[in-house]
1. Show the residue pairs meeting these rules: Cβ distance below 7 Å; 6+ apart or different chains; first residue within segment B:160-175 and under 15 Å from residue B:138 (Cβ atoms); second residue modelled with pLDDT of 95 or more and charged (D, E, K, R).
2. For residues that are open to solvent by 60 Å² or more (accessible area, probe 1.4 Å) and closer than 25 Å to residue B:5 by Cα, tally how many sit in segment B:136-174.
3. Output the number of the condition that residue B:105 fails; it satisfies all remaining conditions of (1) within 19 Å of the chain's Cα centre (by Cα); (2) part of a helix (DSSP H, G or I); (3) away from chain A (no Cβ under 14 Å); (4) not basic (Lys, Arg).
4. So, residue B:87, is that one basic (Lys, Arg), open to solvent by 20 Å² or more (accessible area, probe 1.4 Å) and closer than 24 Å to residue A:39 by Cα or not?
5. Could you grab me the full set of residues in segment B:45-63 that are modelled with pLDDT of 90 or more and on the phi > 0 side of the Ramachandran plot?
6. For the structure I just gave you, tell me whether residue B:68 is of a type outside the set (Phe, Trp, Tyr), within 9 Å of chain A (Cβ to nearest Cβ) and outside any loop (DSSP other than H, G, I, E, B).
7. Are any residues in segment B:24-56 facing chain A (nearest Cβ under 9 Å) and assigned to a helix (DSSP H, G or I), and if so, which ones?
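The values are calculated or read from the model by the stated rules, or taken from the named source; none is laboratory data. Quick caveat: nothing in here was measured; it's all calculated off a predicted structure. Positions of Cβ are generated from backbone atoms using ideal geometry, with glycine treated the same way; all protein chains shown enter the neighbour counts. For the accessible areas, the whole protein counts, side chains as well, though only heavy atoms, and no ligand, DNA or RNA atoms are used. Shrake-Rupley method; radii C 1.70, N 1.55, O 1.52, S 1.80 Å.
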Amino acid sequence: MKIQVNGAWREVSAAQLAAALADLGYGESVVTTAVNGEFVAVQAREQILLRDGDSVEVLAPMQGG
Amino acid sequence: MLEIYQTPLNSRLLLGSARYPSPAVLAAAVRAARAEVVTVSLRRESGAERAGQGFWSLIRELGVRVLPNTAGCHSVKEAVTTAHMAREVFATAWIKLEVIGEDDTLQPDVFGLTEAARILTAEGFQVFPYTTEDLVVAERLLEAGCRVLMPWGAPIGSGRGLNNLFGLRALRAHFPGVPLIIDAGLGLPSHAAQALELGFDAVLINTAVAQARDPVQMAAAFAQAVEAGAAARAAGPIEARDLAVPSTPVIGTAFRG
């Protein structure tokens, strides 16, 4: 299925958000996620099933002012 | 001692973590500034590069308290979602709430800001709103549950100092018991000293330190200025006046009378 990850189209096989993140290379990274603009807590990633065309934001700590 | 959301702070200089020439310089600048609070942000992470992981390790090693921001958010929805994401990653209820309303000045959208502040406060966040010096907006933010305000000195990154002295003095006078942190627009240590002399509780500096030729030296200079300004405020500055008053006693002046 095709989903948007941080604005770029990506092909993923896993529907479950947690598994999709692992496929995409995030592994044990400290990241936080939103699906279609809604925050998804880390504990909820296994319950979220992605659908074709979904938009996923994967954010991490970064420099800020 | 400054206390914000029941957290005592010895340092009145908060430091931003962006735009330094290197992570090592950032770390040295935080130490030179003797900052206890460092602002951080969230950005898109690539699964291949994982750039954020190294940064997060660096910040944790510094042992400072982090103040995550919602920089770049232009709507209430974006800011609220970003705040949720920040709370999870940084494990803090503190959020420097930015809802940008205009791109040339990065002026806050104060209507969206108050709405987002109300939502987040109700959800248990401790909100640090990036706002203007507008008294009515300040009142609304306090009504929304904010216990600290962060008025701009001047547009972010502009280095102009305290742009609206009248407005900032009025804000300070109007809310004597509310912690007020000047956020944005300061360019020089003298600007920071002036803010503290006027009675502001702290300043948040980023670009003026990070983009200085020697950020570490500039961080130390800001630390000294903030301490000087706070000491001067505590010492009770004299009022400015239009006419001269001799400092040397005139009684007994030679050749008079």
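1. B:164/B:133; B:167/B:133; B:168/B:133; B:171/B:133
2. 9
3. Exception for residue B:105: condition (2).
4. Taking the combined requirement at face value, the residue satisfies it.
5. Scanning segment B:45-63 gives a single hit, B:63.
6. yes
7. The answer is B:26, B:51, B:52, B:53, B:55, B:56.
Residue by residue, here is whether (1) within 28 Å of residue B:14 (Cβ to Cβ); (2) among the hydroxyl-bearing types (Ser, Thr, Tyr) holds:
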site: A:7; (1), (2): no, no
site: A:10; (1), (2): no, no
site: A:13; (1), (2): no, yes
site: A:23; (1), (2): no, no
site: A:39; (1), (2): yes, no
site: A:51; (1), (2): no, no
site: A:54; (1), (2): no, no
site: A:60; (1), (2): yes, no
site: A:64; (1), (2): yes, no
